[in-house]
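See below for the structure under consideration.
The values are calculated or read from the model by the stated rules, or taken from the named source; none is laboratory data. In this text, all values refer to a predicted model and were calculated from it rather than measured experimentally. So basically every Cβ, Gly included, is an ideal-geometry build from the backbone, and we count neighbours across all protein chains shown. Only protein heavy atoms, including side chains, enter the accessible area calculation; ligands, DNA and RNA are left aside. Shrake-Rupley method; radii C 1.70, N 1.55, O 1.52, S 1.80 Å.
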Amino acid sequence: MLDAFKIHIEEQCSFLKNSRLVIAISGGIDSVVLAHLCHKLNFNFALAHCNFNLRGTESDADEDFVLDLGEQMDVKVFVQNFDTEAYAEENKCSIQMAARELRYDWFSELAQQLNFDYILTAHHADDNLETFLINFTRGTGLNGLTGIPALNDNIARPLLPFSREMIEDYAKSEKIKWREDGSNSSRKYLRNKLRHEVVPILKEINPQLLGSFQNTLQHLNDTADIVEESLNAVAKRAITHMDENHITFKISEFKKVNNPKAYLFEMFKDYGFSEWNDVVNLLDAETGKYVASNTHKLTKHREFLILTELCHSEQSEESLFVAKDNPSVKTPIGILCFDDQDTLEDNSKTTIFVDKEKLKYPLELRPWQTGDVFHPIGMKGKKKVSKYLKDEKLTPIEKENTWVLTSGNTIVWVVGRRADERFKVTDQTNQTLKIELK
């Protein structure tokens, strides 16, 4: 196996040879063999071990084993202890998911702080097959069937072409010691059920299963490349605007393709949506209709779909109050500045001039509400703010981010939009106040 591993490194992973590496090591056979192979090839590496404190003294024994291995190889060993059960409870996730999140977050932090180029994990061909079957049984799209990536950002998996059997044979032939994790034999985890009950039957049906599976993965990845190319072409035509707050898509481009649902799925699958029929129905829905996931919202606005992120810490719905002598106030929509003026200029969207003596302090800045009414400057009579925003053809995200400045419950300014006629400067004005949004 050493020769095969060396050839694989030369042909597919040569970037590892002159890099600073950290090997994620549990003490189990896979990661221990990976460490021995890297040691044989004189790679520059350290070991990183997570003690999840889930198996009592066994977890501590794993840690001691890894420390001894590092001493034998004369490499640095980094160990991190976690209260995995507390993390799982706090974040309302499974123990397995908690361990995964804790592990990868720490590896990433370690690599960044100590300038390691790559993090090596010991995933192999059997792991790849099991992951495929897990995704298949749970239901997934094409990307869930294309296997574990050999390189994902700075995480490299040089053992992916090798089977569990090859790794075991190498460990035994080299008399390599490792730690056995009793939980690997438990059938309560889906992966272990597949490993011990399903995969052996598949290998009995086809002794060359892993080879056939590798060919299938190659075909699926080739197909994924075609899908991505087609998806990028549609996205290029459909996206009309993109900034840090939202992405706007032209609905007509989705209607041109043969299978809009497939394109919508591929375009928005990473944003947490699951009700795909509802997403498709947005194409013909009324303006204002939307579909929400836990993290994002997709809204129909005229001939567009607008994708926005749901931010639970976004602008406060509480009012902000402005005292009479306060020159500026920081708000969720910018800095509001107040300055007495001797001269008068024209109002703009970001600057208005008002008769200061007509104001009642403190002024209040708040998000607009249903039922709000103001007198748009330059117009006779009053108008509902909701009607004004609709007439201005604001997008849903622009409407949500609209605030009003009020004086004694009377709107002075639909901020960034239109001032109110009742507070405008006239020939009888003695004090002019400039209000500007920066």
**Item:** Radius of gyration and Dmax over the Cα atoms of region 218-259, both given in Å
**Value:** 12.8, 37
**Request:** Evaluate the charge dipole of the chain about its Cα centre and quote only its size in Debye, nearest 20, assuming +1 on the Cβ of each Lys and Arg and -1 on the Cβ of each Asp and Glu.
**Result:** 1780 debye
**Cα-projected label distance for ASP278 with ASP225, points at 7 Å along beta-carbon direction, nm** = 3.8 nm
**Request:** Name the long-range amide H neighbours of GLY27: under 5 Å, sequence gap of 5 or more, or other chain; modelled H, no Pro or chain starts.
**Result:** VAL32
**Request:** Roll a 1.4 angstrom probe over the protein heavy atoms and tell me the percent of accessible area of the chain that is carbon or sulfur.
**Result:** 46 percent
**Request:** Would you kindly compute the Cα radius of gyration of region 179-281 and its largest Cα-Cα separation (Dmax), both in Å?
**Result:** 20.7, 59
**Asked** So what is the diffusion coefficient of the chain in µm² per second by Stokes-Einstein at 20 °C and 1.002 mPa s, using a Kirkwood Rh over Cα pairs?
**Response** 79 µm²/s
**Complete:** Cα-Cα longer than 19 Å, checked against LYS289/LYS383; LYS358/LYS384; LYS330/LYS434; LYS256/LYS390, kept in input order, equals LYS289/LYS383; LYS358/LYS384; LYS256/LYS390
**Message:** Using +1 at the C-beta of Lys and Arg and -1 at the C-beta of Asp and Glu, which of LEU365, ASN81, SER26 has the Cα lying farthest in the positive direction of the dipole of the chain?
**Reply:** LEU365
**Asked** Which of the aspartates and glutamates could a cross-linker bridge to LYS177, judged by Cα under 18 Å and excluding same-chain residues fewer than eight apart?
**Response** ASP30, GLU58, ASP60, ASP62, GLU63, ASP64, ASP68, GLU71, ASP74, GLU165, GLU168, ASP169
**Request:** Using every Cα-Cα pair within region 198-345, state what percent have a distance larger than 28 Å.
**Result:** 50 percent
**Prompt:** To the nearest 20 debye, what is the magnitude of the charge dipole of region 135-221 about its Cα centre, counting +1 on the Cβ of each Lys and Arg and -1 on the Cβ of each Asp and Glu?
**Reply:** 300 debye
**Complete:** Residue-ordered couplings for region 105-115, obtained by feeding phi - 60° into the Karplus form 6.51 cos²θ - 1.76 cosθ + 1.60 and rounding to whole Hz (Gly and Pro as x), are 4, 5, 4, 5, 5, 4, 4, 5, 5, 10, 6
**Request:** DSSP loop (so not H, G, I, E, B), at most 13 other Cβ within 10 Å: list which GluC sites (Glu not before Pro) in region 333-389 pass both filters.
**Result:** GLU345
**Label zone at ASP83 (point 7 Å along Cα-to-Cβ), backbone N below 19 Å, region 51-67** = 51-57, 59-60
**Item:** Cross-link table LYS236/LYS387; LYS6/LYS269; LYS40/LYS203; LYS300/LYS387, entries beyond 28 Å C-alpha to C-alpha
**Value:** LYS236/LYS387; LYS6/LYS269; LYS40/LYS203
**Complete:** Here FRET efficiency (C-beta to C-beta, ASP342 to LYS236, R₀ 51 Å, nearest 0.05) is 0.45
**Item:** Proximal charge balance of THR121 [Cβ under 13 Å; K/R count +1, D/E count -1]
**Value:** 0
**Item:** Those GluC sites (Glu not before Pro) in region 369-438 that DSSP places in a loop and that have at most 15 other beta carbons within 10 Å
**Value:** GLU392
**Message:** Please compute one quarter of the surface area of the Cα convex hull for region 40-99 and express it in square nanometres.
**Reply:** 4.9 nm²
**Prompt:** If you take the beta carbon distance between THR57 and ASN294 as r and set R0 to 45 Å, what does 1/(1 + (r/R0)^6) give as a FRET efficiency, to the nearest 0.05?
**Reply:** 0.70
**Whole-Hz couplings from phi, Karplus 6.51/-1.76/1.60, listed for region 328-335; x for Gly and Pro** = 7, 9, 7, 10, x, 10, x, 9
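Given the peptides 291-298, 220-227, arrange them by the average over their residues of other C-beta atoms within 10 Å, most packed first.
Peptide ranking by packing, descending: 291-298, 220-227.
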**Item:** Amide H within-cut-off set for VAL77, under 5 Å, with H built and near neighbours excluded
**Value:** LEU47
**Item:** Local net charge near LYS269, Cβ-Cβ under 15 Å (Lys/Arg +1, Asp/Glu -1)
**Value:** -3
**Request:** Measure off 7 Å from each Cα along the Cα-to-Cβ vector at THR216 and ASN259, then give the distance between these two points in nanometres to one decimal.
**Result:** 1.9 nm
**Message:** Quick check: residue separation of ASN154 and GLN112 times 0.36 nm, minus the Cα distance between them. What number comes out in nm?
**Reply:** 14.1 nm
**Message:** Quick check for you: with a 1.4 Å probe and neighbouring chains kept, what is the accessible area per residue of the chain, in Å²?
**Reply:** 57 Å²
**Complete:** region 110-192: spread of alpha-carbon positions along the three principal axes, whole Å, largest first, is 40, 35, 23
**Request:** Give me the Kirkwood hydrodynamic radius of region 1-90, using the inverse of the mean 1/r over all pairs of distinct Cα atoms, in Å to one decimal.
**Result:** 14.3 Å
